[in-house]
Amino acid sequence: MLRVSIPTCQKMEVNGDTFTAYKVDVFQSGRSHSLYKRYSEFEELHKQLKKVVDTPEFPPKKVLKFSHKVVEQRRVALELYLQGILESETIPRSFFKFLEVHLPRSGSFDSLDVGMTEPTVTHIPVVGFSKDAFLQENYRSILPDIVVQGVHEGLYSNDTYDIQGLVQ
């Protein structure tokens, strides 16, 4: 199970460049981690995804005036976008790479456009059972006859015994 949310965003400054970073919380199989992504990173993801799957509506880049309200609306729209991708039938590997999610038995993320539609083996059988020998027509017992006879008597005998082993 994979869940994603964008609970907050904050202004960041790197090398004199100020931008808004969105905190993405990722919950996967009882584990969670958080990462910060810029709008341009979401936009790049959207460009990759729309080549291989139908994507939900993506929030526009151009806004008339940047205010707290606009940033909040974009945060909500980006969260809905990510959740919409999770609801689609095929989720490309590039989406998991973007979220920094480890896929079991997946190898690398080299093939970004391969969807996750094929079932993967999650376990290897340890014990196997052959056909039931007792149900086969040409059955030959590998047990001595006395053992088979004792089992048949124990299971199918109409005699009842008391504690001392005497027939009643």
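Brief remarks follow.
- Screening VAL4 against (1) in contact with an Asp or Glu (Cβ under 8 Å, 6 or more places away or on another chain); (2) in a strand (DSSP E or B); (3) more than 22 Å from LEU103 (Cα to Cα); (4) of a type outside the set (Ser, Thr, Tyr) leaves a single unmet condition, (3).
- Residue satisfying all of: in the range 8-43; of a type in the set (Phe, Trp, Tyr) and modelled with pLDDT of 90 or more; nearest to ILE85 (Cα to Cα) among these: PHE42
- Close pairs (6 angstrom Cβ cut-off, 6 or more residues apart or separate chains): farther than 16 Å from VAL70 by Cβ in the range 35-59, hydrophobic (A, V, I, L, M, F, W, C) anywhere: LEU35/VAL24; TYR36/ALA21; LYS37/VAL24; LEU45/PHE98; HIS46/PHE58; THR55/LEU49
- Some residue of the range 65-73 being in a loop (DSSP other than H, G, I, E, B), surrounded by 14 or more Cβ atoms within 10 Å (Cβ to Cβ) and among the hydrophobic types (A, V, I, L, M, F, W, C): no
The values are calculated or read from the model by the stated rules, or taken from the named source; none is laboratory data. The structure displayed is predicted, hence computed values, not measured ones. Every residue, glycine among them, receives a Cβ derived from its backbone with ideal geometry; neighbour counts consider all protein chains shown.
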